[in-house]
Amino acid sequence: MSDIERIRDALSFIPPDSPETLLRMGMAIKDGLGDEGFWIWNEWVQQADPSVRAAAGIFADRQPWNSGADVVPLSPVRKGEDGGPPA
């Protein structure tokens, strides 16, 4: 079984139900396969609810694949009591 087949198989067990999941899987696939992985990820992302895709910033082909999303923080940003950055 090729890497592409293994990734496609693994994605069948991961529900595309949150923006974080969409972005994390995209980053992992891009890290492992480079641009070749876009089509696998895009096929999987199309199963997500449009509102989840929109919340992840996925509006058009190859977005956020080529938009620098691989530098998006993976953990929630901590906020201070006033909603701004922590003191």
> How large is ³J(HN,Hα) for each residue in the stretch 18-23, as worked out from phi by the Karplus curve 6.51 cos²θ - 1.76 cosθ + 1.60 (θ = phi - 60°), to whole Hz, x for Gly and Pro?
Replying inline: 8, x, 4, 5, 4, 5
> Ranked from highest to lowest mean number of other Cβ atoms within 10 Å per residue, what is the order of the peptides 45-54, 26-35?
Replying inline: 26-35, 45-54
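FYI, it's all coordinate maths here, none of it is from the lab. Here the structure is a predicted model, which is why all the values come from computation and not from measurement. No Cβ is skipped: glycine too gets one built from the backbone with ideal geometry, and neighbour counts run over all protein chains shown.
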